[in-house]
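This report concerns only the one structure given below.
The values are calculated or read from the model by the stated rules, or taken from the named source; none is laboratory data. Just so we're clear, the structure is a prediction, and the values are computed from it rather than from any experiment. Cβ: placed from backbone, ideal geometry, glycine included. Neighbour counts: every protein chain shown.
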Amino acid sequence: MKKYLPYIVTLAALIAFNQSVSAQCKGFAKKLCKLELTGYIHDGNYHAAILTEGEEAELYKTFYSGQNYRLAVCGSETLPPIEFQVVDAYKNVLYDNNQHNDSGTWDFKLESSQQLKIVVKVPVSAQKTEFPNSGCVAIMFGFQDK
């Protein structure tokens with residue numbers, strides 16, 4: 001058992017660090033990104049993760065017809081502007097923030113209920129650095145009360 005002790009300690013430290021980073025990222029989402037939902041009711045979920053330049057993440061979410069929604073995507077100051085697309089089940093791009101001046105929000109209403117995929121990407125910065133930048137990226141949703 002003693003020979004495994006350093007590995008167990010290392011594993012425990014990694015788990016604790018990951019939970020700490022996750023909590024900090026959730027705090028970032030609560031403190032800064034939630035402000036982007038002003039005028040909408042937050043759905044109560046905080047979707048946030050640490051991403052590095054060049055990385056991409058996907059999130060699937062069901063939206064219902066006739067409801068007004070706001071999607072907000074934001075990233076830490078250390079990151080370049082976050083790119084995101086919203087794609088339907090048929091791989092049609094419904095929204096691409098590159099086509100809208102890198103906007104961090106999208107307000108929309110669907111004609112039919114459906115599951116959409118939100119793809120976020122942290123582009124590689126034009127400034128060359130020894131190590132790529134990492135930071136929190138959050139995706140948040142709000143809806144308007146009818």
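This table checks each residue for (1) among the hydrophobic types (A, V, I, L, M, F, W, C); (2) farther than 22 Å from D145 by Cβ; (3) in contact with a Phe, Trp or Tyr (Cβ under 8 Å, 6 or more places away or on another chain).
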| position | (1), (2), (3) |
| --- | --- |
| Y64 | no, no, no |
| N68 | no, no, yes |
| C74 | yes, yes, no |
| L79 | yes, yes, no |
| I82 | yes, yes, no |
| N98 | no, yes, no |
| G104 | no, yes, no |
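Please work out if L37 is out of contact with any His (no Cβ under 9 Å at 6 or more places or on another chain), among the hydrophobic types (A, V, I, L, M, F, W, C) and buried (at least 17 other Cβ atoms within 10 Å of the Cβ).
Judged against the criteria, L37 is a match.
Restricted to the stretch 117-146, and to residues that are closer than 30 Å to G39 by Cα and assigned to a loop (DSSP other than H, G, I, E, B), which residue is modelled with the lowest pLDDT?
Checked the stretch 117-146; the qualifying residue modelled with the lowest pLDDT is K146.
Across the stretch 77-103, which residue is surrounded by the fewest Cβ atoms within 10 Å (Cβ to Cβ) among those that are in contact with a Leu (Cβ under 9 Å, 6 or more places away or on another chain) and in a loop (DSSP other than H, G, I, E, B)?
In this case the residue turns out to be A89.
Return the pair list, or none, for Cβ contacts closer than 7 Å from residues in the stretch 47-71 that are on the phi > 0 side of the Ramachandran plot to residues that are of a type outside the set (S, T, N, Q) and at pLDDT below 95, at least 6 apart or on different chains.
G54/V124; G54/P132
Scan (1) out of contact with any helix residue (DSSP H, G or I) (no Cβ under 7 Å at 6 or more places or on another chain); (2) farther than 15 Å from F141 by Cβ for the single condition E83 breaks and write down its number.
Only one criterion in (1) out of contact with any helix residue (DSSP H, G or I) (no Cβ under 7 Å at 6 or more places or on another chain); (2) farther than 15 Å from F141 by Cβ is unmet by E83, namely (1).
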